[in-house]
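The values are calculated or read from the model by the stated rules, or taken from the named source; none is laboratory data. The shown structure was predicted, so the numbers you read here are calculated from the model rather than taken from an experiment. Cβ placement follows ideal geometry from the backbone for every residue including glycine, while neighbour counts extend to all protein chains displayed.
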Amino acid sequence: MFADGQLGASFFCSRDFEDRSNLHFIFPTLAVQLARKYPDFRSILVPLAQSDPGVAYESLYHQMDKLIVDPLRECAISTVIIIDALDECKDDEPASAILSVLGQFVSEIPEVKFFLTGRPESRIREGFRLPLLAKATDILILHRVEPGLVNNDIRWFLKCSFLEIAYHRGGLGGWPTEGQLDLLCERAGGLFIYAVATVKFIDNRNDNPRKRLDLLLQSPGDSAHEGKAKLKMNTTFDSLYMTILQEAFGDDDPWTDPRIRSVLGAVILAANPLSPSTIAAFLGLDAEDVTPLLSSLHSLLILQQDANHPVLPFHKSFPDFLVDPVRCINPRFHVSPPDHHSELVIGCLELMNRRLEKNMFGFQDGSTNDEACGLRERAEGNIDRGLRYACEPWHKHLVDANAAPDHTVKITSALHQFLEQNFLFWLEILGILGTLRGAVDAMEVAVKWLEVCRDCMHDEFPEFSHNGSRDHRLLISSTTAFDLSPDFSRSSAPPLHISITRPFPYPPGHRWCGDCTSHMLIPWRGLCKGFRHRGIRLSRP
């Protein structure tokens, strides 16, 4: 399809990346790709985007109508659009929101073919059953492909992979036997990913392949919960994953096991993939300790030699296994999401409290980001991936954090320091990154957290309850005062800067924050009314 020039645009969904699991990024991304490929499409889209820059923030219906359907209808392009792994996008609708919208427009652009893939989750199945879409759709269910054809492919893959291993290692004549290949194909149960994970586990440079294959085949073929209405895919993988984990980390170790769970939790629960060095920074570990631990699971993770490169699960079934106590029956490896979300939000807040400071980018007095030279280079030089992650999705971990007292004390303490000392510096970073919209979501989440925890902590930790009440009032004032006008909510401009020693005429609607530790000029429509930062009251001029 790509070689023949038929592919016009594609979007590959992934729950591991925040921007690839958001439904509202799909149609704008497809529109940009179509504009790059087809000049006629571009000549229609560009004026539209210039006249209505807010279209990317509209509903899915209006996005598809304006960004995809209208230009395609007008220029009569024949092309193919791919949306892969649709099930990995966050979608609360009973029937897939994307499929619902496609059903309303697909008949208007008959020259365009959509190729969609996804696991048969309920919302995906319901989406394809919608009357408007059902009559225009051909469905191929992969697990209904002739089993013999799938097993032959899996066997051929295993045989070729083992021959390559034997060639590079030597001394493996007659390995594996036909019986071993038969057993592996039976264990795979038609799932190609099982075969891939098996080969990655066996091909370990530090161990004998024959020994590792024997170990894998000696493990039970079925998981402990087989027969309890679980998918066959789950029962197929559980034994494989448990064998790999136990082989990687050996016997119980009270000192190491909590680290294993913390690192695995950071890998599978992060809003965007984290690198080993960032994981170490969030968890208070040395990168030299994290990298070998992750390397022990090379068959289940996507790793690079560079410690600053993000780590990804090889397949989404591995995170699903780790967070399910019914499937991951060894508590050494079970990841409890609330506990590890707590670790991550604490790590984010503490990193911001260590790293954020006044005027990190060295702006001259009275400058805006439009006037600053080399803004992108300054941002890249001052905001590494770890700090960027800490500033942007930290509140997503707070949503799912454990509200038990020991976790609450740590989170509230770090949150109080953040609000007391670094709140405005954080807004400055978001302005530079062009993600200032996220500040509203973060503050709303923090308000809800403080509402829940301040009363329940009063008896045992009165000092934290007092701070929580004060932080709660501060956030209520700030969140209420955010004016979600198009100018603010889509703005990427940081606050203006002004030296405390130099008089400056206030622009309309702005007021200087006179705190000696912060020299920000606050845009009122975009930030706050009557807000205190370090005890300095900001009031409308």
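Quick rundown of the values:
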{"quantity": "Hits in region 28-53 (condition: in contact with a Ser or Thr (Cβ under 9 Å, 6 or more places away or on another chain) and outside any helix (DSSP H, G or I))", "calculated": "Tyr38"}
{"quantity": "Enumeration of residues in region 340-360 that are among the acidic types (Asp, Glu), surrounded by fewer than 20 Cβ atoms within 10 Å (Cβ to Cβ) and in a helix (DSSP H, G or I)", "calculated": "Glu350"}
{"quantity": "Looking only at region 140-164, and only at residues there that are without any contact (Cβ under 8 Å) to a residue 12 or more places away in the chain and not in a helix (DSSP H, G or I), the one that is surrounded by the most Cβ atoms within 10 Å (Cβ to Cβ)", "calculated": "Val145"}
{"quantity": "Residue count, region 319-377 (criterion: farther than 21 Å from Glu392 by Cα, among the hydrophobic types (A, V, I, L, M, F, W, C) and at pLDDT 90 or above)", "calculated": "8"}
{"quantity": "Some residue of region 255-269 being surrounded by fewer than 18 Cβ atoms within 10 Å (Cβ to Cβ), of a type outside the set (Val, Ile, Thr), under 23 Å from Lys200 (Cα atoms) and at pLDDT below 90", "calculated": "no"}
{"quantity": "Looking only at region 15-27, and only at residues there that are part of a loop (DSSP other than H, G, I, E, B) and modelled with pLDDT of 90 or more, the one that is farthest from the chain's Cα centre (by Cα)", "calculated": "Asn22"}
{"quantity": "Single residue of Asp406, Asp400 found to be at pLDDT 90 or above, out of contact with any Phe, Trp or Tyr (no Cβ under 8 Å at 6 or more places or on another chain) and not aliphatic (A, V, I, L, M)", "calculated": "Asp400"}
{"quantity": "Count of residues meeting criterion [of a type outside the set (Asp, Glu) and exposed (fewer than 12 other Cβ atoms within 10 Å of the Cβ)] in region 165-191", "calculated": "8"}
{"quantity": "Test: residue in region 54-61 that is at pLDDT 90 or above and assigned to a helix (DSSP H, G or I)", "calculated": "yes"}
